[in-house]
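Below: one structure, written as C-alpha cells.
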Amino acid sequence: MQLAKHYIDGAWIESVAGQSRQGLSHNPATSEAAAHFADGGTAEAHAAIAAARRAFEQPDWRRSPRLRADVLWDFAVRLEARKDEIADWLVTLNGKLRREALGEILAGVSELKYYAGLARNLFGRIIEVEPGCHASLRREAAGVAAIILPWNAPITLLVRSLAPALAAGCATVIKPAFQTALAHNLALECLTVDPRLPAGIVNSVIEGGSAVSQALCESPDVDVVSFTGSTAVGKKIAAAAAGTLKRLSLELGGKAPALVFADGASDATVKGITAGSLILAGQQCTAITRVLVQDSVYADFTRRLAEAFRAVRVGVGSDPQSQMGSMIDIANRDRIAGLVARAGDVGQVLVRGEAPGGALAKGAFLSPSLVAIDDLQSEYVQRELFGPLLIVERFKDEEDAIRRANATRYSLASSVWTADGVRSERVAARLRFGTVWANTHNRLFAEAETGGRADSGYGRLHGAEGLNDFLETKHYYFETGVRS
C-alpha cells in the first residue's frame, strides 16, 4: 500500500525525528485497508509552522503577485491533467461516486484559475486627507495561514482555502483529513513540483488525532486559521485560538431547508430535491436536510419524493450505474441507521433506509431515508445529521414557511422552489442563510462567496470575499513636502 507523507519545508518526510508512526486509511465501500499515512504530532506541526514563518518573512513570494498567479495557474493545469488518477483514489478512500470525484477536482481547477487572476488584482486606495497629506490603505498578506480540512470533499476544500491564501501572499500549513490523505497528497504534488514555489510556503501535516490542529490554533506564529467541518469542532478551534486572537474563517455545519411552494412542486423539483439531499450520500454541509412542502401539495409531493428515494441505486463509486455511494465509515452508517430506527417515535417514516446485503454488505452503504416531522424542536430538525436522511415538514403559507425555515441556529444554505420569481426574491430576502438558491441547490462556483453565521460559522469562501480572509489592511500616511 502507498504511504501518504508530510510535506514540510520543501520535502516529503515521514517524521521530523526519524521515528515515524503510521496509520491506515480504509476503503469505505469494502472496509478494507487502502493506504498508509504518516501519523504526525506536535513535533511535525511546530516544524511546519517554523518553516512557514521563515518563508513568509522572505519578501520574494508575498511581493510577487505575477509569480503567485503563474504558480496557481500551472497548479490548475497539472491538477486537471491528473484528474483521473486522483478521482480513482477519491472513490477508493472516500466512497463517493466517480462523477462526484471528477466534479470535485474540476471545481478545484476552476477555483485555482480564478484566484490566479485575483492574485494580480490586490488593490488598495489612496485618499488626500488635506492638501499635501495622503493616506494609503494597502492590502497585504495576513501572514501564516493554517488550513484544517475534512474528508468529505478534500480536493475542493483544499483549493478553496489554499488558492486565496497563496493568491494573497500567505505561507500555509495544511492539516488534511487522514481518511483521504493520499488523495490530498496527489493533488498537492501538482503544486509542490513547481520549482518556483519557495520552500516553506506550503506545508502539510497529517494526523489521526487532534494534537496538530491544537498546535496550529494555539501558535502565536499562525495568523489565520481556515477550517471547514463540524460546528462542535469549530467551537473548539475558536476556543483554542482565543489566546492569540488570530483571525478565523470557519465554515461549519448546515441544516439546509428547501422550501417547496405549490406552484413549484413539479417532477423536476422532486429530482432536484433528491439530488440536492443525497449528494456525497448526504455528507455535505450545504446538502438539503429539510424539505418544507406547502399543505395543498404535501401528500402528492411527498409520495413522489418517497418513490424517488426508493428508486435510488446505492453502489460502489466506480460503477456508472450507482446513484449514491457509501458513507465514510461503518460507524457513521450505524449512527444514521440508529436515527432512522428511532424516528418512528417522533415522526412518520416514509422511506426506511437499510444497509444492503450481498456484495455491498461489508461496506458503509445505507439506502436513503425520508422522515416526516412536525415538531420544530426535534433533534431531527435542529441537529446536523450528516447522512442520507431527509426530514419532511409541511407549511401553510409564506409566513409559516419562512418561520419554520429560520427556526434553526444553522444558517449556511437554503433553497426556494417556486414558479413565481417575485415570491422567490421576497422569500430569499427574509431567509437567514448565507446562500439562497432558487429552483436549484448546491450550485457552488469560484466567483461567488459562501458562508454562514451562528452555528454555521463566520468568514467567507469563494470569490473576492474569500480572498479578504487572508489579507490585512495597512494604513500608511505620508505628506508631500515638509509642513511648516
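The values are calculated or read from the model by the stated rules, or taken from the named source; none is laboratory data. It should be emphasised that the depicted structure is a prediction, and the values quoted were computed from it without experimental measurement. Glycine gets a Cβ as well: all are built from the backbone with ideal geometry, and neighbour counts include every protein chain shown. Side chains included, ligands, DNA and RNA excluded: accessible areas come from the protein's heavy atoms. Shrake-Rupley method; radii C 1.70, N 1.55, O 1.52, S 1.80 Å.
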For region 16-129, what class follows from the C-alpha gyration tensor (a ≥ b ≥ c being the square roots of its eigenvalues): rounded when a/c is under 1.5, otherwise prolate if a/b is larger than b/c, else oblate? oblate
Computed over the chain: longest principal axis from alpha-carbon atoms vs helix 65-81 long axis, angle to nearest 10 degrees, is 40 degrees
Contour excess over end-to-end distance, with Cα ends at Ala299 and Glu128 and 0.36 nm allotted per residue: 55.0 nm
I want to check the label-to-label distance for Gln377 and Glu140. Put each point 7 Å from Cα in the C-beta direction and report it in nm to one decimal. 5.3 nm
Using only the alpha-carbon atoms, how far is helix 154-168 inclined from the longest principal axis of the chain? Give it as 0 to 90 degrees, nearest 10. 30 degrees
Using a 1.4 angstrom probe, figure out how much accessible area the chain has per residue, in square angstrom, rounded to the nearest whole. 40 Å²
Taking the Cα centre of the chain as the origin and placing charges on Cβ (Lys, Arg +1; Asp, Glu -1), which of Ser249, Ile206, Ser31 is farthest toward the positive end of the dipole? Ser249
Ignoring any ligand, DNA or RNA, what whole percent of the accessible area of the chain comes from carbon and sulfur when the probe is 1.4 angstrom? 50 percent
Under the 7 Å Cα-to-Cβ spin-label approximation, Gln321 and Asp267 lie apart by a distance in nanometres of 2.3 nm
Option label - semi-axes √(5λ) of the Cα gyration tensor in Å computed here, alternatives (1) 40, 24, 18; (2) 40, 29, 19; (3) 40, 32, 24: (2)
How far is helix 295-311 tilted off the main Cα axis of the chain, in degrees rounded to 10, range 0 to 90? 80 degrees
Pairs from Lys5/Lys83; Lys235/Lys271; Lys96/Lys246; Lys5/Lys255 whose Cα-Cα separation, in the structure shown, is over 26 Å: Lys235/Lys271; Lys96/Lys246; Lys5/Lys255
Provide the packing ranking of 227-240, 131-144, i.e. peptides ordered by the mean count of other C-beta atoms within 10 Å per residue, highest first. 227-240, 131-144
Rounded to the nearest 20 debye, what is the charge dipole size of the chain about its Cα centre when +1 sits on each Lys and Arg Cβ and -1 on each Asp and Glu Cβ? 220 debye
Of the DSSP beta bridges with both residues in region 114-273, give the percent that are antiparallel, rounding to the nearest 5. 25 percent
Inter-label distance, nm, simple model (7 Å from Cα along the C-beta direction), Ser64/Asp397: 6.5 nm
What relative contact order, as a whole-number percentage, does the chain give when Cα pairs under 8 Å and 6 or more residues apart are counted? 19 percent
